[in-house]
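The values are calculated or read from the model by the stated rules, or taken from the named source; none is laboratory data. No experiment lies behind these values; they were computed from the predicted model shown. Positions of Cβ are generated from backbone atoms using ideal geometry, with glycine treated the same way; all protein chains shown enter the neighbour counts. The area values use the complete protein model at the heavy-atom level, side chains included, leaving out ligands, DNA and RNA. Shrake-Rupley method; radii C 1.70, N 1.55, O 1.52, S 1.80 Å.
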Amino acid sequence: MGFQSCLGGTTLQTLKLAAIPSSSSCSRLVFSLRPLSKSFTYQFLYRHDRPQTQRPPFPLLVRALSASAVQATTPTKKSPDEKVVKPQWKAAIDFKWIRDNKDAVAVNIRNRNSNANLELVLELYEKMLNLQKEVERLRGERNVVANKMKGKLEPSERQKLIEEGKNLKEELLSLEEDLLKLTDDLQQEAQCIPNLTHPDVPIGGEDSSTIRKMVGSRREFSFPVKDHLQLGKELDLFDFDAASEVSGSKFYYLKNEAVMLEMALINWTLSQVMKSGFTPLTTPELVRSSVVEKCGFQPRGENTQVYSIEGGDQCLIGTAEIPVGGIHMDSILSESLLPLKYVAFSHCFRTEAGAAGAATRGLYRVHQFSKVEMFIICQPNESESYLEELIKIEEDLFSSLGLHYKTLDMASGDLGAPAYRKYDIEAWMPGLERFGEISSASNCTDYQSRRLGVRYRPSESSGTTPKKGKSNLAPPQFVHTLNATACAVPRMLVCLLENYQQEDGSVIIPEPLRPFMGGLEVIAPRFR
(Lines give C-alpha, C1' and ligand atoms only; values in the text may rest on other atoms or scores of the structure.)
Protein backbone atom coordinates (compact mmCIF):
# COMPACT_ATOMS: atom_id res chain seq x y z
CA MET A 1 0.00 0.00 0.00
CA GLY A 2 1.36 3.38 -0.98
CA PHE A 3 1.05 6.63 0.94
CA GLN A 4 2.30 10.20 0.69
CA SER A 5 3.61 12.39 3.44
CA CYS A 6 4.75 16.01 3.27
CA LEU A 7 7.66 17.28 5.32
CA GLY A 8 8.58 20.91 4.76
CA GLY A 9 6.78 20.86 1.43
CA THR A 10 8.66 17.77 0.19
CA THR A 11 6.61 14.86 -1.07
CA LEU A 12 8.02 11.45 -0.20
CA GLN A 13 7.62 8.95 -3.03
CA THR A 14 6.62 5.51 -1.86
CA LEU A 15 6.89 1.91 -2.94
CA LYS A 16 3.93 -0.02 -4.25
CA LEU A 17 3.51 -3.44 -5.86
CA ALA A 18 1.61 -3.23 -9.11
CA ALA A 19 0.44 -6.05 -11.37
CA ILE A 20 1.10 -5.02 -14.96
CA PRO A 21 -0.99 -6.73 -17.65
CA SER A 22 0.71 -7.63 -20.89
CA SER A 23 -0.38 -9.35 -24.06
CA SER A 24 3.10 -10.79 -24.45
CA SER A 25 3.77 -14.44 -23.70
CA CYS A 26 6.37 -13.26 -21.18
CA SER A 27 4.02 -11.17 -19.04
CA ARG A 28 5.04 -10.81 -15.40
CA LEU A 29 4.05 -9.26 -12.10
CA VAL A 30 6.37 -6.29 -11.72
CA PHE A 31 7.04 -3.36 -9.41
CA SER A 32 6.39 -0.63 -11.96
CA LEU A 33 3.81 1.61 -13.56
CA ARG A 34 4.63 0.35 -17.04
CA PRO A 35 5.57 -3.04 -18.48
CA LEU A 36 9.20 -3.97 -18.02
CA SER A 37 10.61 -5.46 -21.19
CA LYS A 38 11.66 -9.05 -21.32
CA SER A 39 15.09 -10.51 -20.79
CA PHE A 40 17.22 -11.31 -23.82
CA THR A 41 20.58 -12.48 -24.80
CA TYR A 42 22.52 -13.60 -27.77
CA GLN A 43 26.02 -14.57 -26.77
CA PHE A 44 28.74 -14.28 -29.38
CA LEU A 45 32.46 -14.59 -28.79
CA TYR A 46 34.98 -12.41 -30.57
CA ARG A 47 38.63 -13.35 -30.28
CA HIS A 48 41.32 -10.71 -30.51
CA ASP A 49 44.51 -11.99 -28.88
CA ARG A 50 46.90 -9.27 -27.95
CA PRO A 51 49.13 -8.31 -24.99
CA GLN A 52 47.36 -6.35 -22.28
CA THR A 53 48.26 -2.68 -22.28
CA GLN A 54 48.77 -0.48 -19.26
CA ARG A 55 45.92 1.83 -18.36
CA PRO A 56 45.57 4.73 -15.96
CA PRO A 57 43.73 3.92 -12.72
CA PHE A 58 40.91 6.44 -13.38
CA PRO A 59 40.61 6.66 -17.19
CA LEU A 60 38.74 9.37 -19.03
CA LEU A 61 36.16 7.75 -21.28
CA VAL A 62 34.75 8.91 -24.58
CA ARG A 63 30.97 8.48 -24.60
CA ALA A 64 29.29 7.72 -27.89
CA LEU A 65 25.79 6.71 -28.91
CA SER A 66 25.49 2.98 -29.46
CA ALA A 67 23.34 1.92 -32.38
CA SER A 68 22.04 -0.95 -30.27
CA ALA A 69 20.62 1.46 -27.75
CA VAL A 70 18.79 3.74 -30.19
CA GLN A 71 15.19 3.85 -29.10
CA ALA A 72 12.39 2.90 -31.43
CA THR A 73 10.34 6.06 -31.27
CA THR A 74 10.72 9.68 -30.27
CA PRO A 75 8.80 10.82 -27.18
CA THR A 76 6.15 13.40 -27.87
CA LYS A 77 4.77 16.11 -25.64
CA LYS A 78 1.73 15.08 -23.65
CA SER A 79 -0.96 17.02 -21.90
CA PRO A 80 -0.56 17.34 -18.10
CA ASP A 81 -3.31 14.77 -17.54
CA GLU A 82 -1.92 12.24 -20.01
CA LYS A 83 0.61 9.60 -18.96
CA VAL A 84 3.94 9.68 -20.75
CA VAL A 85 4.82 6.34 -22.31
CA LYS A 86 8.58 6.05 -22.76
CA PRO A 87 9.91 4.60 -26.01
CA GLN A 88 11.04 0.99 -25.87
CA TRP A 89 14.78 0.41 -25.80
CA LYS A 90 16.25 -2.21 -28.11
CA ALA A 91 18.94 -4.80 -27.66
CA ALA A 92 21.41 -5.65 -30.42
CA ILE A 93 19.95 -9.08 -31.18
CA ASP A 94 21.36 -11.17 -34.00
CA PHE A 95 18.12 -12.73 -35.21
CA LYS A 96 19.82 -14.38 -38.18
CA TRP A 97 22.16 -16.24 -35.83
CA ILE A 98 19.24 -17.38 -33.71
CA ARG A 99 17.44 -18.65 -36.82
CA ASP A 100 20.55 -20.39 -38.18
CA ASN A 101 21.21 -22.05 -34.79
CA LYS A 102 17.63 -22.65 -33.71
CA ASP A 103 18.23 -26.25 -32.55
CA ALA A 104 21.06 -25.23 -30.20
CA VAL A 105 19.04 -22.25 -28.96
CA ALA A 106 16.02 -24.49 -28.30
CA VAL A 107 18.10 -26.97 -26.29
CA ASN A 108 19.62 -24.13 -24.27
CA ILE A 109 16.18 -22.69 -23.50
CA ARG A 110 15.02 -26.11 -22.31
CA ASN A 111 18.14 -26.75 -20.20
CA ARG A 112 17.73 -23.39 -18.44
CA ASN A 113 14.02 -23.85 -17.70
CA SER A 114 13.27 -20.66 -19.64
CA ASN A 115 9.77 -19.82 -20.88
CA ALA A 116 11.12 -18.08 -23.99
CA ASN A 117 9.01 -18.84 -27.08
CA LEU A 118 11.57 -19.55 -29.78
CA GLU A 119 8.99 -20.59 -32.37
CA LEU A 120 7.19 -17.28 -31.98
CA VAL A 121 10.48 -15.39 -32.29
CA LEU A 122 11.31 -17.18 -35.54
CA GLU A 123 7.78 -16.65 -36.85
CA LEU A 124 7.91 -12.93 -36.10
CA TYR A 125 11.37 -12.68 -37.66
CA GLU A 126 10.18 -14.23 -40.93
CA LYS A 127 7.18 -11.90 -40.97
CA MET A 128 9.46 -8.95 -40.38
CA LEU A 129 11.76 -9.96 -43.24
CA ASN A 130 8.82 -10.34 -45.62
CA LEU A 131 7.35 -7.02 -44.54
CA GLN A 132 10.72 -5.31 -44.97
CA LYS A 133 10.88 -6.64 -48.55
CA GLU A 134 7.40 -5.30 -49.25
CA VAL A 135 8.30 -1.91 -47.80
CA GLU A 136 11.44 -1.76 -49.94
CA ARG A 137 9.41 -2.73 -53.03
CA LEU A 138 6.94 0.10 -52.44
CA ARG A 139 9.74 2.57 -51.79
CA GLY A 140 11.26 1.56 -55.11
CA GLU A 141 7.96 2.07 -56.91
CA ARG A 142 7.54 5.45 -55.22
CA ASN A 143 11.01 6.48 -56.43
CA VAL A 144 10.16 5.41 -59.97
CA VAL A 145 7.03 7.56 -59.89
CA ALA A 146 8.98 10.50 -58.46
CA ASN A 147 11.58 10.23 -61.25
CA LYS A 148 8.87 10.17 -63.91
CA MET A 149 7.41 13.36 -62.43
CA LYS A 150 10.66 15.20 -63.17
CA GLY A 151 10.15 15.06 -66.95
CA LYS A 152 7.77 16.89 -69.27
CA LEU A 153 4.34 15.30 -69.05
CA GLU A 154 0.85 15.81 -70.30
CA PRO A 155 -1.45 17.17 -67.57
CA SER A 156 -3.54 14.00 -67.59
CA GLU A 157 -0.47 11.80 -67.29
CA ARG A 158 0.96 13.99 -64.50
CA GLN A 159 -2.33 13.79 -62.61
CA LYS A 160 -2.28 10.02 -62.97
CA LEU A 161 1.24 9.88 -61.50
CA ILE A 162 0.21 12.19 -58.65
CA GLU A 163 -2.63 9.84 -57.74
CA GLU A 164 -0.35 6.81 -58.02
CA GLY A 165 2.24 8.50 -55.82
CA LYS A 166 -0.39 9.42 -53.24
CA ASN A 167 -1.69 5.84 -53.08
CA LEU A 168 1.85 4.48 -52.76
CA LYS A 169 2.60 6.94 -49.93
CA GLU A 170 -0.51 5.95 -47.98
CA GLU A 171 0.16 2.25 -48.44
CA LEU A 172 3.81 2.73 -47.47
CA LEU A 173 2.91 4.64 -44.31
CA SER A 174 0.56 1.86 -43.25
CA LEU A 175 3.16 -0.84 -43.88
CA GLU A 176 5.88 1.13 -42.06
CA GLU A 177 3.63 1.40 -39.02
CA ASP A 178 3.02 -2.36 -39.19
CA LEU A 179 6.76 -2.95 -39.51
CA LEU A 180 7.49 -0.79 -36.48
CA LYS A 181 4.92 -2.69 -34.41
CA LEU A 182 6.19 -6.05 -35.64
CA THR A 183 9.79 -5.10 -34.89
CA ASP A 184 8.85 -4.13 -31.35
CA ASP A 185 6.92 -7.39 -30.82
CA LEU A 186 9.94 -9.32 -32.10
CA GLN A 187 12.21 -7.48 -29.67
CA GLN A 188 9.88 -8.22 -26.76
CA GLU A 189 9.82 -11.93 -27.48
CA ALA A 190 13.51 -12.27 -28.34
CA GLN A 191 14.52 -10.55 -25.12
CA CYS A 192 13.12 -13.58 -23.28
CA ILE A 193 15.85 -15.81 -24.74
CA PRO A 194 18.56 -16.48 -22.11
CA ASN A 195 22.29 -16.37 -22.63
CA LEU A 196 24.04 -19.40 -24.06
CA THR A 197 25.59 -21.76 -21.51
CA HIS A 198 29.22 -22.78 -21.06
CA PRO A 199 29.65 -26.36 -22.37
CA ASP A 200 31.05 -27.55 -19.02
CA VAL A 201 28.06 -26.33 -16.97
CA PRO A 202 26.14 -29.27 -15.40
CA ILE A 203 22.70 -29.76 -16.95
CA GLY A 204 19.73 -29.85 -14.59
CA GLY A 205 18.34 -28.12 -11.53
CA GLU A 206 20.20 -26.76 -8.49
CA ASP A 207 20.76 -30.30 -7.17
CA SER A 208 22.81 -31.06 -10.27
CA SER A 209 25.40 -28.40 -9.41
CA THR A 210 28.86 -29.86 -8.82
CA ILE A 211 31.38 -29.12 -6.08
CA ARG A 212 34.43 -27.43 -7.56
CA LYS A 213 36.32 -26.95 -4.32
CA MET A 214 35.92 -27.65 -0.58
CA VAL A 215 37.95 -25.61 1.93
CA GLY A 216 38.36 -26.23 5.65
CA SER A 217 36.20 -28.36 7.93
CA ARG A 218 33.35 -27.88 10.37
CA ARG A 219 34.39 -26.61 13.76
CA GLU A 220 33.75 -29.05 16.59
CA PHE A 221 31.99 -27.44 19.57
CA SER A 222 32.20 -28.78 23.15
CA PHE A 223 29.09 -26.83 24.16
CA PRO A 224 25.57 -26.30 22.80
CA VAL A 225 25.72 -24.17 19.65
CA LYS A 226 23.64 -21.00 19.43
CA ASP A 227 22.40 -19.48 16.20
CA HIS A 228 23.12 -15.85 15.30
CA LEU A 229 19.67 -14.74 16.47
CA GLN A 230 20.30 -15.95 20.02
CA LEU A 231 23.86 -14.65 20.02
CA GLY A 232 22.71 -11.27 18.72
CA LYS A 233 20.05 -11.00 21.41
CA GLU A 234 22.38 -11.96 24.26
CA LEU A 235 25.17 -9.69 23.00
CA ASP A 236 22.76 -6.85 22.15
CA LEU A 237 23.91 -6.74 18.53
CA PHE A 238 20.66 -6.30 16.61
CA ASP A 239 16.96 -5.70 17.07
CA PHE A 240 14.42 -7.28 14.72
CA ASP A 241 11.38 -6.50 16.85
CA ALA A 242 11.78 -2.72 16.78
CA ALA A 243 12.64 -2.78 13.06
CA SER A 244 9.51 -4.81 12.38
CA GLU A 245 7.40 -2.14 14.05
CA VAL A 246 9.17 0.65 12.18
CA SER A 247 9.65 -0.91 8.72
CA GLY A 248 8.05 -4.36 8.60
CA SER A 249 9.28 -7.94 8.71
CA LYS A 250 12.78 -8.84 7.47
CA PHE A 251 14.22 -5.47 8.52
CA TYR A 252 16.66 -5.04 11.41
CA TYR A 253 18.72 -2.64 13.48
CA LEU A 254 22.40 -3.39 13.96
CA LYS A 255 23.73 -2.25 17.33
CA ASN A 256 26.99 -1.85 19.22
CA GLU A 257 29.80 -4.11 17.97
CA ALA A 258 27.68 -5.39 15.08
CA VAL A 259 27.82 -1.90 13.57
CA MET A 260 31.59 -1.87 13.96
CA LEU A 261 31.79 -5.37 12.48
CA GLU A 262 29.79 -4.32 9.42
CA MET A 263 32.07 -1.33 8.83
CA ALA A 264 35.13 -3.51 9.37
CA LEU A 265 33.95 -6.06 6.83
CA ILE A 266 33.27 -3.36 4.24
CA ASN A 267 36.57 -1.52 4.71
CA TRP A 268 38.66 -4.68 4.94
CA THR A 269 37.04 -6.13 1.82
CA LEU A 270 37.54 -2.93 -0.16
CA SER A 271 41.19 -2.70 0.87
CA GLN A 272 41.85 -6.33 -0.11
CA VAL A 273 40.10 -6.17 -3.49
CA MET A 274 41.76 -2.86 -4.40
CA LYS A 275 45.12 -4.66 -4.14
CA SER A 276 44.09 -6.53 -7.29
CA GLY A 277 43.68 -3.29 -9.26
CA PHE A 278 39.99 -2.62 -8.73
CA THR A 279 38.73 0.96 -8.71
CA PRO A 280 36.48 1.67 -5.68
CA LEU A 281 33.02 3.11 -6.20
CA THR A 282 29.94 4.06 -4.27
CA THR A 283 26.89 3.99 -6.50
CA PRO A 284 23.40 5.45 -6.85
CA GLU A 285 20.88 3.19 -5.17
CA LEU A 286 17.98 4.37 -7.31
CA VAL A 287 18.29 3.64 -11.03
CA ARG A 288 16.03 3.86 -14.06
CA SER A 289 13.88 0.79 -14.60
CA SER A 290 15.29 0.42 -18.12
CA VAL A 291 18.80 -0.05 -16.68
CA VAL A 292 17.50 -2.79 -14.40
CA GLU A 293 15.97 -4.48 -17.45
CA LYS A 294 19.11 -4.13 -19.55
CA CYS A 295 21.21 -5.77 -16.84
CA GLY A 296 18.82 -8.73 -16.97
CA PHE A 297 17.12 -8.34 -13.60
CA GLN A 298 13.64 -9.20 -14.75
CA PRO A 299 10.70 -10.22 -12.58
CA ARG A 300 10.09 -13.96 -12.45
CA GLY A 301 6.37 -14.45 -12.01
CA GLU A 302 5.15 -13.55 -8.56
CA ASN A 303 8.64 -13.88 -7.06
CA THR A 304 9.98 -10.59 -8.36
CA GLN A 305 12.81 -9.12 -6.31
CA VAL A 306 12.54 -5.54 -7.59
CA TYR A 307 11.18 -2.55 -5.68
CA SER A 308 10.04 0.36 -7.89
CA ILE A 309 9.08 3.90 -7.01
CA GLU A 310 5.40 4.58 -7.45
CA GLY A 311 4.79 7.48 -9.80
CA GLY A 312 8.31 7.40 -11.23
CA ASP A 313 10.61 5.46 -13.52
CA GLN A 314 13.14 4.38 -10.91
CA CYS A 315 13.90 1.19 -8.99
CA LEU A 316 15.85 0.44 -5.84
CA ILE A 317 18.88 -1.66 -6.72
CA GLY A 318 19.16 -5.27 -5.61
CA THR A 319 22.91 -5.22 -6.27
CA ALA A 320 25.57 -2.67 -7.24
CA GLU A 321 26.03 -4.69 -10.43
CA ILE A 322 23.15 -2.67 -11.90
CA PRO A 323 24.48 0.91 -11.49
CA VAL A 324 28.05 -0.21 -12.22
CA GLY A 325 26.87 -2.01 -15.34
CA GLY A 326 25.22 1.21 -16.46
CA ILE A 327 28.19 3.50 -15.80
CA HIS A 328 29.46 3.08 -19.40
CA MET A 329 26.05 2.67 -21.03
CA ASP A 330 25.94 3.78 -24.68
CA SER A 331 29.74 4.08 -24.85
CA ILE A 332 32.50 3.00 -27.19
CA LEU A 333 35.61 2.39 -25.09
CA SER A 334 39.17 2.41 -26.27
CA GLU A 335 40.78 -1.02 -26.23
CA SER A 336 43.65 0.42 -24.19
CA LEU A 337 41.24 1.09 -21.28
CA LEU A 338 40.26 -2.55 -20.90
CA PRO A 339 39.88 -4.28 -18.60
CA LEU A 340 37.88 -1.95 -16.35
CA LYS A 341 37.72 -3.42 -12.86
CA TYR A 342 35.42 -1.93 -10.21
CA VAL A 343 34.66 -2.75 -6.59
CA ALA A 344 31.49 -1.02 -5.45
CA PHE A 345 29.85 -0.55 -2.07
CA SER A 346 26.10 -0.04 -1.91
CA HIS A 347 22.99 -0.81 0.05
CA CYS A 348 20.77 -3.37 -1.69
CA PHE A 349 17.00 -3.86 -1.59
CA ARG A 350 15.13 -7.05 -2.44
CA THR A 351 11.49 -7.99 -1.95
CA GLU A 352 12.41 -11.62 -1.16
CA ALA A 353 8.94 -12.56 -2.37
CA GLY A 354 8.08 -16.15 -1.54
CA ALA A 355 10.99 -16.51 0.91
CA ALA A 356 9.92 -17.94 4.26
CA GLY A 357 10.72 -20.65 6.76
CA ALA A 358 13.37 -21.47 9.35
CA ALA A 359 16.11 -21.74 6.70
CA THR A 360 15.78 -18.03 5.88
CA ARG A 361 15.33 -16.67 9.41
CA GLY A 362 17.22 -13.77 10.97
CA LEU A 363 19.88 -12.03 8.91
CA TYR A 364 20.07 -14.74 6.27
CA ARG A 365 17.35 -13.25 4.06
CA VAL A 366 16.40 -9.59 4.55
CA HIS A 367 14.94 -6.73 2.53
CA GLN A 368 17.85 -4.29 2.92
CA PHE A 369 21.54 -4.98 3.34
CA SER A 370 25.05 -3.71 2.62
CA LYS A 371 27.19 -5.39 -0.02
CA VAL A 372 30.54 -5.03 -1.75
CA GLU A 373 30.39 -6.08 -5.40
CA MET A 374 33.12 -6.63 -7.99
CA PHE A 375 32.48 -5.88 -11.67
CA ILE A 376 34.74 -6.33 -14.70
CA ILE A 377 34.39 -5.05 -18.28
CA CYS A 378 36.80 -6.78 -20.65
CA GLN A 379 37.47 -8.06 -24.15
CA PRO A 380 35.53 -11.20 -25.12
CA ASN A 381 38.53 -13.53 -25.25
CA GLU A 382 39.48 -12.59 -21.66
CA SER A 383 36.23 -13.11 -19.78
CA GLU A 384 36.77 -16.75 -18.83
CA SER A 385 40.14 -15.96 -17.26
CA TYR A 386 38.65 -13.03 -15.36
CA LEU A 387 35.93 -15.30 -13.97
CA GLU A 388 38.74 -17.40 -12.50
CA GLU A 389 40.30 -14.26 -11.04
CA LEU A 390 37.03 -13.23 -9.41
CA ILE A 391 36.39 -16.61 -7.82
CA LYS A 392 39.98 -16.72 -6.53
CA ILE A 393 39.57 -13.30 -4.89
CA GLU A 394 36.36 -14.49 -3.22
CA GLU A 395 37.96 -17.71 -2.00
CA ASP A 396 41.01 -15.87 -0.65
CA LEU A 397 38.75 -13.47 1.28
CA PHE A 398 36.73 -16.25 2.90
CA SER A 399 39.82 -18.36 3.61
CA SER A 400 41.42 -15.37 5.35
CA LEU A 401 38.41 -15.24 7.67
CA GLY A 402 38.78 -18.94 8.48
CA LEU A 403 35.45 -20.04 7.00
CA HIS A 404 34.59 -23.58 6.00
CA TYR A 405 33.08 -23.31 2.53
CA LYS A 406 32.51 -25.03 -0.79
CA THR A 407 32.59 -23.59 -4.30
CA LEU A 408 29.89 -24.85 -6.66
CA ASP A 409 29.69 -24.87 -10.46
CA MET A 410 26.01 -24.04 -10.75
CA ALA A 411 23.76 -26.15 -12.98
CA SER A 412 21.98 -24.76 -16.04
CA GLY A 413 18.56 -24.61 -14.40
CA ASP A 414 19.91 -22.37 -11.63
CA LEU A 415 21.53 -19.81 -13.93
CA GLY A 416 19.87 -16.42 -14.27
CA ALA A 417 19.20 -15.23 -17.82
CA PRO A 418 22.46 -13.20 -18.10
CA ALA A 419 24.90 -15.83 -16.81
CA TYR A 420 26.98 -17.91 -19.23
CA ARG A 421 28.56 -19.58 -16.21
CA LYS A 422 28.18 -19.02 -12.48
CA TYR A 423 30.06 -20.17 -9.41
CA ASP A 424 28.44 -19.98 -5.96
CA ILE A 425 30.23 -20.15 -2.63
CA GLU A 426 28.38 -21.64 0.34
CA ALA A 427 29.77 -21.40 3.88
CA TRP A 428 28.99 -23.60 6.86
CA MET A 429 26.68 -21.90 9.37
CA PRO A 430 26.70 -23.94 12.60
CA GLY A 431 23.65 -22.30 14.18
CA LEU A 432 21.57 -22.88 11.05
CA GLU A 433 23.14 -26.34 10.74
CA ARG A 434 23.66 -26.07 7.00
CA PHE A 435 25.70 -24.48 4.25
CA GLY A 436 24.37 -21.10 3.14
CA GLU A 437 25.20 -19.11 0.03
CA ILE A 438 27.47 -16.16 0.77
CA SER A 439 28.73 -15.26 -2.69
CA SER A 440 28.49 -15.86 -6.42
CA ALA A 441 30.56 -14.99 -9.48
CA SER A 442 29.14 -14.85 -13.01
CA ASN A 443 30.44 -14.42 -16.53
CA CYS A 444 27.64 -12.69 -18.48
CA THR A 445 29.61 -12.54 -21.75
CA ASP A 446 27.92 -9.98 -24.04
CA TYR A 447 24.39 -10.41 -22.66
CA GLN A 448 24.42 -7.11 -20.77
CA SER A 449 26.63 -5.14 -23.14
CA ARG A 450 24.31 -5.82 -26.09
CA ARG A 451 21.46 -4.39 -24.07
CA LEU A 452 23.39 -1.53 -22.43
CA GLY A 453 25.20 -0.56 -25.63
CA VAL A 454 28.73 -0.94 -24.21
CA ARG A 455 31.33 -1.58 -26.89
CA TYR A 456 35.05 -1.15 -27.41
CA ARG A 457 37.06 -0.30 -30.51
CA PRO A 458 39.99 -2.63 -31.24
CA SER A 459 43.29 -0.82 -31.72
CA GLU A 460 44.01 -2.64 -34.98
CA SER A 461 42.73 -1.00 -38.15
CA SER A 462 40.22 -2.77 -40.35
CA GLY A 463 43.06 -3.87 -42.65
CA THR A 464 41.37 -2.65 -45.82
CA THR A 465 41.80 0.52 -47.82
CA PRO A 466 39.11 2.92 -46.60
CA LYS A 467 36.64 4.37 -49.05
CA LYS A 468 36.67 8.07 -49.65
CA GLY A 469 35.38 9.89 -46.58
CA LYS A 470 35.41 6.66 -44.51
CA SER A 471 37.58 5.87 -41.49
CA ASN A 472 40.05 3.00 -41.41
CA LEU A 473 39.19 2.31 -37.75
CA ALA A 474 38.23 -1.23 -36.79
CA PRO A 475 34.50 -1.61 -36.11
CA PRO A 476 33.46 -1.52 -32.44
CA GLN A 477 32.68 -4.81 -30.71
CA PHE A 478 30.64 -5.64 -27.64
CA VAL A 479 32.53 -6.07 -24.38
CA HIS A 480 32.02 -8.91 -21.90
CA THR A 481 30.88 -8.20 -18.33
CA LEU A 482 31.43 -10.17 -15.13
CA ASN A 483 30.27 -9.70 -11.56
CA ALA A 484 31.03 -11.25 -8.19
CA THR A 485 30.07 -10.67 -4.57
CA ALA A 486 33.04 -9.80 -2.38
CA CYS A 487 31.03 -9.35 0.83
CA ALA A 488 27.29 -9.57 1.53
CA VAL A 489 27.35 -8.20 5.07
CA PRO A 490 24.35 -9.90 6.77
CA ARG A 491 25.37 -13.42 5.74
CA MET A 492 28.97 -12.73 6.71
CA LEU A 493 27.70 -11.67 10.14
CA VAL A 494 25.82 -14.98 10.38
CA CYS A 495 29.01 -16.90 9.52
CA LEU A 496 31.28 -14.99 11.89
CA LEU A 497 28.95 -14.97 14.88
CA GLU A 498 28.06 -18.65 14.61
CA ASN A 499 31.54 -19.97 13.78
CA TYR A 500 33.48 -17.86 16.28
CA GLN A 501 31.15 -18.18 19.29
CA GLN A 502 32.67 -19.25 22.61
CA GLU A 503 31.28 -21.22 25.53
CA ASP A 504 31.01 -18.10 27.72
CA GLY A 505 28.73 -16.46 25.14
CA SER A 506 31.40 -14.23 23.62
CA VAL A 507 32.43 -14.08 19.95
CA ILE A 508 36.04 -13.81 18.77
CA ILE A 509 36.79 -11.28 16.03
CA PRO A 510 38.83 -12.81 13.16
CA GLU A 511 42.33 -11.39 13.17
CA PRO A 512 42.19 -9.66 9.73
CA LEU A 513 39.22 -7.54 10.90
CA ARG A 514 40.68 -6.38 14.23
CA PRO A 515 42.63 -3.39 12.85
CA PHE A 516 39.36 -2.18 11.32
CA MET A 517 37.61 -2.45 14.70
CA GLY A 518 40.04 -0.39 16.70
CA GLY A 519 41.89 -3.48 17.86
CA LEU A 520 38.82 -5.14 19.41
CA GLU A 521 39.42 -8.88 19.69
CA VAL A 522 36.27 -10.19 21.40
CA ILE A 523 32.60 -9.25 21.55
CA ALA A 524 31.82 -10.00 25.18
CA PRO A 525 28.42 -10.32 26.93
CA ARG A 526 27.12 -7.28 28.77
CA PHE A 527 26.49 -7.90 32.44
CA ARG A 528 23.88 -5.72 34.05
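Under the simplified labelling scheme, the K213-E511 pair shows an inter-label distance of 2.1 nm, with each label point 7 Å from Cα along Cα→Cβ. Each of L153, V121, N108 was scored by the projection of its Cα onto the charge dipole of the range 95-191, and the greatest displacement toward the positive side belongs to L153; charges sit on the C-beta of Lys, Arg, Asp and Glu. In order along the range 244-254, phi translates into HN-Hα couplings of 5, 5, 7, 10, x, 5, 6, 10, 7, 9, 8 Hz, rounded to whole numbers, per the Karplus curve 6.51 cos²θ - 1.76 cosθ + 1.60 with θ = phi - 60° and x for Gly and Pro. Working note: Karplus 6.51/-1.76/1.60 with θ = phi - 60° gives the range 366-376 the couplings 10, 7, 9, 7, 9, 8, 10, 10, 9, 8, 10 Hz, where Gly and Pro are set to x. Within the full protein context, the accessible area of R457 is estimated at about 70 Å² for a probe radius of 1.4 Å. About its Cα centre, the dipole of the range 95-191 is roughly 400 debye, where the only charges are +1 on Lys and Arg Cβ and -1 on Asp and Glu Cβ. Amide H to amide H, with H built 1.01 Å from N, Q88 comes under 5 Å of A72, T73, counting only residues 5 or more places away or on other chains. Taking the centroid of alpha carbons for each part, the range 222-256 and the range 174-192 are 52 Å apart. Look at the dipole of the range 95-191 built from charges on Cβ: of A190, W97, N143, the Cα furthest out on the positive end belongs to N143. Magnitude of the charge dipole for the range 333-465, about its Cα centre and with charges confined to Cβ atoms of Lys, Arg (+1) and Asp, Glu (-1), is about 500 debye.
Charging the Cβ of each Asp and Glu at -1 and of each Lys and Arg at +1, and nothing else, the dipole of the range 205-247 about its Cα centre rounds to 460 debye.
Put simply, the amide H of A486, placed in the peptide plane, has neighbours under 5 Å in V372, E373, M374, leaving out anything fewer than 5 places away on its chain. Across the alpha-carbon atoms of the range 95-191, the computed radius of gyration and Dmax are 20.2, 68 angstrom.
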